[in-house]
Every structure is written in C-alpha cells, then in structure tokens.
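Below is one structure, written out as structure tokens; the observations come after it.
The values are calculated or read from the model by the stated rules, or taken from the named source; none is laboratory data. Just so it is clear, the structure is predicted and the values come from calculations on it, not from any experiment. We place every Cβ from the backbone using ideal geometry, glycine too, and count neighbours over all the protein chains shown.
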Amino acid sequence: MTRYFCRFLHQRTVLAIATAVITISPAYAELNVSPESVTIAGDRANKISTTLTLSDDRANPALKIAVSDLRRADGAASISSKTIVIEPTDVAVPGNAPDQVTITVDLAEASANGEFSGSLYLYHRDGRQVIPLIVRVKENPVWPWIVMFVGIGLGTSLSIYRVDGRSRDEIVVQMGYLQNQMNGDPKLFKDFKASIDAKLRRVTAALNDQDWETAKTEVAGAKELWNRWDNRRDEWVAQLDYGDKFLKENKTDLEAEKLTIFMQGVKNNIDAVYRRLRAGQYAMPEDLNKDFSDIGDNLLFYREGRAAITRLKERRHKLPSGKESDWLTKLQELETELNNSKPDKDSRIKWQESFEDKQAKLNEAISAPSDQPSPQQNALIVLGRSGTVMNEVQQVALVPPVSGQTRIIGTPQQADQAKRNLWWFNQTSRCVAIIFLAWLGMIELYSGKPTFGAEPLRDYFALLAWGFGAELTRESVARTTQELGLPLVK
C-alpha cells in the first residue's frame with residue numbers, strides 16, 4: 001500500500017510542475033493567413049502572381065518568408081524555388097492590421113507540365129508556420145490548337161476523299177476495267193461498242209459534274225451492256241454478220257437516187273435497228289433477229305408485189321384493145337399504192353386485198369365478151385403519200401408554224417453567280433460547324449484540364465482524335481438532316 005501511495009504522490013507532483021511551467025510561459029498564437037493554402041494555375045506562357053494576407057493580434061511580429069522547391073507527384077519534374085519571387089521576404093505585420101505578400105511564379109520555368117506541390121515557410125520568433133503551395137501548369141494553347149487543326153485537316157481530307165475522291169476512283173477503276181475488256185475483244189461489233197462508249201461518256205460528264213449517283217448508275221449500265229454482249233457473243237456475232245450481209249446484198253436498192261416511200265421506210269427501219277443497237281436497247285439476240293426478219297419479209301413482199309403487178313400488166317394484153325389503156329391506169333395506180341404504202345403488216349394486208357381484187361376483176365374482164373368499151377376516166381387524179389386518191393385542186397393543210405424562241409429561265413451569268421453562292425454557303429457552313437466543334441473540344445480537353453500536357457501522349461492524342469472526328473461528326477449530321485429532308489447542305 002505504501003508503494004501505491006508513493007506512485008500517486010509522484011504523479012501529482014509532476015502535474016503540478018507542468019501546470020506551473022505552462023502558466024509562467026507566454027501563450028503561443030499562430031498567424032492568421034488567408035488563404036490557408038495557395039494554388040496557382042495557368043499555361044506556360046504566363047507569369048502568375050497571387051497575394052497572401054497576414055494578420056496577427058500581436059504588435060509588429062517580424063516574419064521571414066521562404067519557399068521550397070515544387071515537385072510533381074511522380075518526381076519527374078520540378079519548379080526551382082529560385083524561380084519563385086516573394087515580395088517582400090521580410091515582413092513586419094502591424095498590430096491589428098493585415099499585411100500582404102505577393103508570390104509570383106514564372107510557369108515557363110517549369111521543367112514540364114503537371115501539378116507541383118511545395119510549401120511556404122513563415123518564420124517568426126515563436127517558430128515556423130507552413131502554408132501549402134500548389135502550382136498547376138499546362139501547355140501553351142498554341143500547340144493544342146495546332147494539333148486540333150491537324151486532326152481537323154486529317155478528318156476533312158478523309159471526308160472529302162470518302163465523299164468525292166473515293167467515289168471517283170472506284171468509278172474510274174471500273175471504267176478502266178471495262179475499257180480493257182472491250183479492247184481485248186476483236187469481235188466486238190462497232191455499234192454495240194458505240195452503245196457502251198455512249199454510257200462511258202455520260203459517266204465522264206457525271207464525274208465532271210460530281211454527280212456520283214448518276215455516274216454509278218451509268219457505269220453500271222455500261223457493265224450490263226458488256227455482260228449482255230459477253231454472255232452471248234457468238235449469237236450476237238451471227239445476227240450482226242447477217243445484218244452486214246443483208247445491207248451489202250440490197251445496197252443498190254437502198255441507195256437509189258429516188259427511193260419509193262416503201263423503200264424509204266425499209267431503209268428507215270434498218271437505220272432504226274442500228275440506232276437501237278447504239279443505244280443498247282436490244283436485250284437479247286432474239287430481238288435483233290426478229291427485227292431483221294421483219295425487214296427481210298417487207299423487202300421480199302415489195303419485190304414480189306412489183307413482180308406480180310408486172311405479170312398483170314402482161315395479162316392485160318389479152319383484153320380487147322379498148323380496155324387495155326384503162327387497165328394499165330388501174331395497174332399503175334396499184335403499183336403507186338404499193339410504192340406509197342408503209343413497210344408494216346397492216347399496210348401489206350391492205351395492199352394484198354387491193355391486189356387480189358384487181359386481179360379478180362382483170363380475170364373477169366378477160367373472160368367476159370367485149371361488146372361495149374368502157375368509157376375512160378378523164379379526171380386527173382393524184383396519189384398522195386399515204387396512197388389515197390385526192391383531187392388535184394385539193395389543198396394540203398398547212399403545218400402550224402413553230403416559234404424558235406423559248407423562255408430563258410436563267411442567264412449564264414446568273415447560273416455562275418448561283419454556283420458561287422452555293423459554294424460559299426457550303427464552305428461557310430462547313431467552317432462554322434468545324435470551328436464550333438473544335439472550340440468545344442478545346443473547352444472540354446484543354447481549358448477544363450489545368451494540367452494539360454502532363455501526359456503528352458494521352459492529352460495530345462485526345463485533341464487529335466477530337467479534331468479528326470469534328471469533320472466526320474459534321475458530315476454525319478449533314479447526311480442525317482438530308483435524309484430527313486431538312487434544307488441543310490454539306
């Protein structure tokens with residue numbers, strides 16, 4: 001028990017001595033510092049200053065201010081304390097009144113970008129007070145803007161090529177492949193080749209106008225024509241060789257100085273066949289065969305008709321002498337009707353009926369007794385181009401005149417001005433949209449990040465990707481609005 005009493009007495013003695021020491025010693029009071037921690041942020045092109053406000057209830061406490069080196073968290077970069085200016089470094093804070101200290105940091109002196117931390121030390125007679133100092137340094141905005149516009153340039157180039165260049169190159173490649181196939185086929189008929197060449201010329205015109213859809217449609221049509229020829233080449237060759245042979249055999253009749261209406265129609269039909277070939281209107285060789293067969297049938301009908309009329313003229317000599325001249329006139333009318341008819345099925349049937357009627361009547365006249373001669377017709381008749389009989393005095397209705405003047409909607413000058421207006425509107429819209437998107441990217445990726453450049457690969461690549469995507473985003477929006485029918489152009 002005595003031992004516990006001695007321990008209690010010892011503790012009470014120590015406590016009394018400590019209380020006396022604290023009572024005798026003067027009370028320690030820290031400075032009032034505002035702000036309690038100092039943070040400075042800016043880009044490397046700036047020299048940033050801030051103030052530290054000091055106050056103390058005691059009269060004229062003498063202070064000495066110092067600063068440590070500032071280091072980045074990873075220890076790979078720092079800001080030397082020698083580049084940090086404190087004015088003044090010695091301060092005498094007046095009693096009951098604040099005083100200010102200016103701290104200036106030249107951010108260009110930082111060895112790298114990032115967040116640097118250190119301390120301000122306030123030394124006074126009672127000890128030392130530590131104020132945290134944080135400096136955030138980011139890259140000068142010049143390089144971020146350059147990287148942003150490089151990304152925009154890459155995106156714009158890709159967009160332009162994807163919209164224009166890629167389409168053009170794909171079409172040109174297809175045209176070149178098609179030309180090589182045509183040049184490698186010596187049997188390709190000239191009119192068939194002309195139909196493909198006409199398509200390719202329209203493709204070239206559409207490319208010059210940057211009308212990619214029309215160009216794709218025309219080059220697809222040219223390929224379809226080539227495949228049509230290539231898949232059934234031998235049958236096409238056989239039909240076209242027959243056409244050449246037909247023209248050579250009937251060259252004399254078709255190139256006569258004065259063609260009859262019927263023969264002119266035959267020639268027109270032949271020309272129409274080759275026009276349709278050049279226009280690529282024949283889908284199969286059978287269609288060409290049918291047209292050649294119809295032309296051959298018409299020509300054969302014409303020749304047989306003329307031969308039949310000649311035979312009837314010879315048979316009229318069996319008539320009494322008073323009727324020969326009348327029947328010669330009738331047979332000449334029949335011949336004129338044949339010459340003026342059209343080379344089609346309906347006209348052939350009509351003339352055939354007229355021929356058979358004349359032939360039957362001639363046979364009856366030859367078989368019947370000739371007591372009284374038939375009176376001759378004295379009226380002058382004229383056969384029109386359609387084969388119908390008209391009085392000589394009958395007038396042909398005049399074709400109404402056609403005015404050669406048309407109302408011009410726009411002059412070439414107005415068209416050029418409209419083209420310039422559209423170009424400026426398109427480019428202005430493009431530039432405004434890209435600038436807005438780029439500005440938003442700088443706000444999000446640069447302005448909103450006080451330590452931009454601390455991780456160069458990530459920070460700059462993010463800017464590059466944003467700039468690259470700005471043009472693609474604008475193009476996507478433009479395409480979407482066009483698909484929705486809104487009046488927005490690319």
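There is no residue in region 332-340 that is under 59 Å from the mean Cα position of the chain (by Cα), within 30 Å of ALA238 (Cα to Cα) and either in the same structural domain as ARG232 (by TED's automatic domain parsing) or surrounded by 14 or more Cβ atoms within 10 Å (Cβ to Cβ) (or both). When each of ALA238, ALA222 is tested for being within 31 Å of the chain's Cα centre (by Cα) and either crowded, with 17+ Cβ neighbours inside 10 Å or not acidic (Asp, Glu) (or both), the lone residue that passes is ALA222.
Checking each residue of region 307-322 against the condition of being of a type in the set (Val, Ile, Thr) and more than 25 Å from ASP241 (Cα to Cα) gives at least one match.
In region 108-134, the residue that is surrounded by the fewest Cβ atoms within 10 Å (Cβ to Cβ) out of those that are aliphatic (A, V, I, L, M) and either closer than 19 Å to GLY75 by Cβ or at pLDDT 85 or above (or both) is VAL130.
Checking the structure you have, find out if any residue of region 258-267 is exposed (fewer than 14 other Cβ atoms within 10 Å of the Cβ) and modelled with pLDDT under 85. Yes, region 258-267 has at least one match. Of all residues in region 392-444, those that are at pLDDT 55 or above, more than 22 Å from the chain's Cα centre (by Cα) and among the charged types (D, E, K, R) total 1.
Yes or no, residue by residue, for (1) basic (Lys, Arg); (2) free of Cβ contacts under 8 Å to residues at least 60 places away in the same chain; (3) closer than 19 Å to SER37 by Cβ:
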| residue | (1), (2), (3) |
| --- | --- |
| ASP90 | no, yes, no |
| SER119 | no, yes, yes |
| ARG125 | yes, no, no |
| LYS138 | yes, no, no |
| THR156 | no, no, no |
| GLY176 | no, yes, no |
| LYS193 | yes, yes, no |
| ASP197 | no, yes, no |
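Inspection of region 91-102 identifies at least one residue that is modelled with pLDDT under 85, within 27 Å of LYS138 (Cα to Cα) and not charged (D, E, K, R).
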